[in-house]
Amino acid sequence: MKFTWIKKLLKNEMVRYILAGTSVTVINVGTYTLLLFLGMKYTSANLIALVLCKSWGFVANKWFVFKSHTDIIGTLRELVYFFFSRGLTALIDYFGLILFVEQFNANEKLSKYIITALVIILNYILGKFVFTNGSLKNDRDQ
């Protein structure tokens with residue numbers, strides 16, 4: 001088969017996380033940048049971007065990255081844990097951006113990129129707990 005190497009590559013959880021994380025980051029930073037361009041205040045733009053990217057992040061992480069198959073109760077549990085953990089990292093994103101811009105007089109876009117990198121790392125660690133029942137197991141698909 002021509003694309004067997006792609007299937008093999010996609011069996012790796014970290015590769016799937018990078019792909020999903022890239023899409024979440026594009027939504028986050030893209031929405032933020034677009035709203036800034038349209039004249040929205042950076043704090044409001046960031047809040048809207050966070051809501052959109054966190055919602056997409058749940059879908060991408062549950063079904064694509066961690067391939068979690070749960071009943072409705074398990075999915076609700078994951079949803080609650082996901083939004084709690086992502087809520088914590090959203091607070092880091094939101095207030096970290098304000099800190100960089102207002103206290104350190106840093107550029108709004110550069111600050112967003114720096115904070116986003118930190119949040120990506122934290123989200124992966126927390127996602128392992130949300131979608132693997134609290135354990136940091138190795139990739140289950142290998």
Among Thr89, Thr75, which is the only one that is touching a residue at least 12 places away in the same chain (Cβ under 8 Å) and within 18 Å of Ile27 (Cβ to Cβ)?
Thr89
Only one of these is more than 21 Å from Thr116 (Cα to Cα) and surrounded by 12 or more Cβ atoms within 10 Å (Cβ to Cβ): Lys2, Lys62, Lys7, Lys67. Name it.
Lys67
Out of (1) at pLDDT 90 or above; (2) outside any loop (DSSP other than H, G, I, E, B), the odd one out for Gly39 is which?
(2)
Among all residue pairs at least 6 apart or on different chains, which show Cβ distances below 8 Å where the first residue, located in the stretch 44-65, is more than 14 Å from Tyr17 (Cα to Cα) and without any contact (Cβ under 8 Å) to a residue 24 or more places away in the chain and the second is in a helix (DSSP H, G or I) and of a type in the set (A, V, I, L, M, F, W, C)?
Ser44/Leu35; Ala45/Leu35; Ala45/Leu36; Ile48/Leu35; Ala49/Ile27; Ala49/Val29; Ala49/Leu35
Any residue at all in the stretch 55-77 that's hydrophobic (A, V, I, L, M, F, W, C) and farther than 22 Å from Phe131 by Cα?
no
Looking only at the stretch 93-127, which residues are among the hydrophobic types (A, V, I, L, M, F, W, C) and within 15 Å of Tyr42 (Cα to Cα)?
Phe95, Leu97, Ile98, Leu99, Phe100, Val101, Ala106, Leu110, Ile115
Among the residues listed as Phe95, Phe100, Phe84, the single one being under 17 Å from Thr132 (Cβ atoms) and modelled with pLDDT of 90 or more
Phe84
Among residues of the stretch 109-130 being free of Cβ contacts under 8 Å to residues at least 40 places away in the same chain and in contact with a helix residue (DSSP H, G or I) (Cβ under 6 Å, 6 or more places away or on another chain), the residue surrounded by the most Cβ atoms within 10 Å (Cβ to Cβ) is Val119
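The rows are residues; the columns are (1) over 19 Å from the mean Cα position of the chain (by Cα); (2) surrounded by 13 or more Cβ atoms within 10 Å (Cβ to Cβ).
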{"site": "Tyr32", "(1), (2)": "no, yes"}
{"site": "Ala49", "(1), (2)": "no, yes"}
{"site": "Leu76", "(1), (2)": "no, no"}
{"site": "Asn107", "(1), (2)": "yes, no"}
Return yes when Ser68 is in a helix (DSSP H, G or I) and small (Gly, Ala, Ser) and no when it is not.
no
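The values are calculated or read from the model by the stated rules, or taken from the named source; none is laboratory data. Treat the numbers as computed from the prediction; the structure is a model and nothing was measured. Note: ideal-geometry Cβ built from the backbone for every residue, glycine included; neighbour counts use all protein chains shown.
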